[in-house]
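Q: Structure in structure tokens, see below.
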Amino acid sequence: MRAAIATAAAAATLALAAPAHAAPPVPAPGADGVGDPLYPTLGNGGYDVRHYDLSFDFTPVTYDFGATMRIRARATQDLSSFNLDVDSLAIDRITVNGAPATWATAPGKTGQELTVTPARPLRDHHSFDVEVTYHGNGKTKPVGLPGWRHMSDGGFASAAQASRADTFAPVNDHPSDKATWTFHLTAPKGWTPAANGNLTGRRKVPGAKETWDFALKSPMAPELLGISVNKQTYVYGRGPHGVRLRHLVPEDQVAKYRPVVEETGGQLAWLEKTLGVRYPFDTYGVQIVRDGYGDALENQTLSLFGPGWFESPTYSTTMVHELTHQWFGDSVTPATWQDAWLNEGPAVFYAAVWAEQQGFEPVEGKMKAAYDELDAVRKAEGPPGKPTGLGGFNIYDGAAVSLYALRQQIGQGEFDAVMKAWLTGHRHGNASTVDFIDNAVRVTGDASVGTFLRHWLFDLDNPPMPGHPDWGGVHS
Ligand SMILES: [Zn+2]
């Protein structure tokens, strides 16, 4: 669901559409971006997606697919047309409220803009239904970065962060527009589909195929899309208080990975105790792919891992990192990509606490090293709260050391209360850096905590570290 992001373009359109004498508003095109400070053209304006229903029929090895995306949305202005984000999808047919619509694609910054013109304009505050039928091939080189990960068995997995969900389906590809999802993944018999949420059904369809249905009841940003079809096997379990666990491992490596994925229940219980907040969804799982992907990604309710992590004796630190994201990033989602430290900072920080408790590495040593590196990174790539791009040290370890500084400043008890209030106050919503600072001030009742955090998050020099005067830093 959409957080309120005012965009200059949308405001200007509304001003034009609503003159002072209050004539009926003239429908106008929705903006081609939400005005993200880092990536202004990501997502689209003029509507709020409530539900995505994706039917996706995938042929392994050839990578051909045919699909239908059904979107229920609500207009946030009178719309003559609106955009969806796509990349290298061949559009066959679009209807809006059941009537054929016209469409055009144009190059975008990261993919393509699909502009849909309904037969009749859409009214502000009204819900509308869009159905896009399309096809494509998962090996087509996208305009932007890749979202498809190809496995040597002929299958695939989606790794869509930060804006690559549009290589699989037409979406409003910005984290501020979260929606519930259902999936109907069709594959030949003998292949195993997976998606975010719970498996709700499985049925035979013509052509020796099966369709697997999944439902995700909690809202999800498109970047956390986790669909796959592989030669893979489900491994089931139970987490604390009945959380359903369903993991996926390559079908010929169950014996190797079963003990690994079965560590998840203990990690979940540890994080719930550490955060003082229950796991935010009703299901979780770890998906380990055979190859084709080397990273780790917090796809909602189904984190994705390349196999290389599990060659390291400290692999559980990465598992805890992605699990932490289910709270920080997936349930509480940043309002804009400039706020991405709110995802990565806690994920690195709590994984460091885990690593210390496992005897891998002391938190203080890791934070000292991060502190030393962060000072130059602030100047080159921006401070944690105002990075010039995504994926840098500033929003990962740099943000974690800022949280460590907060803990040093206000003490463990107050720190825990701040983080708990953050997670419960913004559960399943969107929130910004300013919201985080306001939350910390409110919980501690201390305005100086706001000043402290602003220095840590926005300054181009490291502030001094409380409790470690020998670390250096600049008083400002
Ligand atoms: Zn992360």
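Q: Mind jotting down the distance between the C-alpha centroids of the stretch 378-439 and the stretch 227-259, whole Å?
A: One Cα centre to the other: 32 Å.
Q: Sticking with this one: So for the stretch 8-230, Kirkwood radius off the Cα pairs, Stokes-Einstein at 25 °C and 0.890 mPa s: how many µm² s⁻¹? Present the calculation step by step, with values, prior to reporting the outcome.
A: Values: Rh = 17.9 Å.
For the chosen part, D equals 137 µm²/s.
Q: Would you please put 50-62, 160-172, 383-395 in order of how densely packed they are, using the mean number of other Cβ atoms within 10 angstrom per residue and starting with the highest? Write out the running numbers ahead of the final one.
A: Values: 50-62: 18.1, 160-172: 26.7, 383-395: 21.2.
Most protected by this proxy first, the peptides run 160-172, 383-395, 50-62.
Q: Order 310-317, 279-286, 468-475 from most to least packed using the mean count of other Cβ atoms within 10 Å.
A: Highest mean packing first, the order is 279-286, 310-317, 468-475.
Q: Also, I was wondering about something else. Taking the stretch 186-245, which trypsin sites (Lys or Arg not before Pro) meet the DSSP loop condition and have no more than 10 other C-beta atoms within 10 Å? Could you put the intermediate results ahead of the total?
A: Details: sites: K189, R202, R203, K204, K209, K217, K231, R238, R244; in loops: K189, K231.
Sparse-neighbourhood loop trypsin sites (Lys or Arg not before Pro): K189.
Q: So which trypsin sites (Lys or Arg not before Pro) in the stretch 379-436 are both in a DSSP loop and have at most 15 other Cβ atoms within 10 Å of their Cβ?
A: Hits after loop and neighbour filter: R427.
Q: I need the phi-derived Karplus couplings for the stretch 214-223: 6.51 cos²θ - 1.76 cosθ + 1.60, θ = phi - 60°, integer Hz, Gly and Pro marked x.
A: Result, rounded to whole Hz: 9, 9, 10, 7, 8, x, 9, 6, x, 4.
Q: Can you tell me, using C-alpha contacts under 8 Å and at least 6 residues apart, the relative contact order of the stretch 159-242 as a whole percent?
A: Details: 147 pairs, mean separation 31.4, N = 84.
Taking the mean separation of contacting Cα pairs over the length of the stretch 159-242, I get 37 percent.
Q: Can you flag which of K139/K379; K366/K386; K178/K379; K217/K256; K139/K386 are past 30 Å Cα-Cα?
A: Details: K139/K379 39 Å; K366/K386 22 Å; K178/K379 33 Å; K217/K256 32 Å; K139/K386 35 Å.
Distance filter (> 30 Å) returns K139/K379; K178/K379; K217/K256; K139/K386.
Q: Could you grab the relative contact order for the chain? Cα pairs under 8 Å, six or more apart, rounded to a whole percent. Before the final figure, lay out each step's value.
A: Values: 1103 pairs, mean separation 52.9, N = 476.
Relative CO of the chain lands at 11 percent.
Q: Between K209 and H135, take the C-beta separation as r, use R0 = 22 Å, and let me know the FRET efficiency to the nearest 0.05. Mind dumping the intermediate values first?
A: Values: r = 16 Å, r/R0 = 0.72.
Between K209 and H135 the formula returns 0.90.
Q: Using alpha-carbon pairs under 8 Å, 6+ residues apart, how would you state the relative contact order of the stretch 363-426 in percent?
A: Numbers: 38 pairs, mean separation 16.2, N = 64.
Computed over the stretch 363-426, the figure is 25 percent.
Q: Nearest 0.05, what FRET efficiency do E263 and A119 give at R0 = 51 Å with Cβ-Cβ as r? Before the final figure, lay out the partial values.
A: Numbers: r = 54 Å, r/R0 = 1.06.
It comes to 0.40.
Q: Per the Debye formula with a single identical scatterer at each Cα and no solvent contribution, what log10 I(q)/I(0) holds for the chain at q = 0.07, 0.08, 0.11 Å⁻¹?
A: Summing over Cα pairs of the chain leads to -0.37, -0.49, -0.91.
Q: Continuing with this model, one more query. Could you pull out which residues in the stretch 275-290 have an amide N less than 17 Å from a spot 7 Å beyond the Cα of K420, following the Cα-Cβ vector?
A: 275-280
Q: Modelled label-to-label distance, R442 and D282, 7 Å Cα→beta-carbon offset: nm?
A: 2.8
Q: What value, in deg cm²/dmol to 500, does the helix sum -39500 (n - 2.57) over DSSP H runs of n ≥ 4 give at 222 nm once divided by the residues of the chain? Mind dumping the intermediate values first?
A: Details: 9 runs with 132 residues, N = 476.
Taken over the chain, the calculation gives -9000 deg cm²/dmol.
Read-outs: derived from the displayed coordinates by stated rules, not from any lab. Every value quoted in this text rests on a predicted model; they were computed, and no experiment measured them. Positions of Cβ are backbone-derived with ideal geometry, glycine not excepted, and every protein chain shown enters the neighbour counts.
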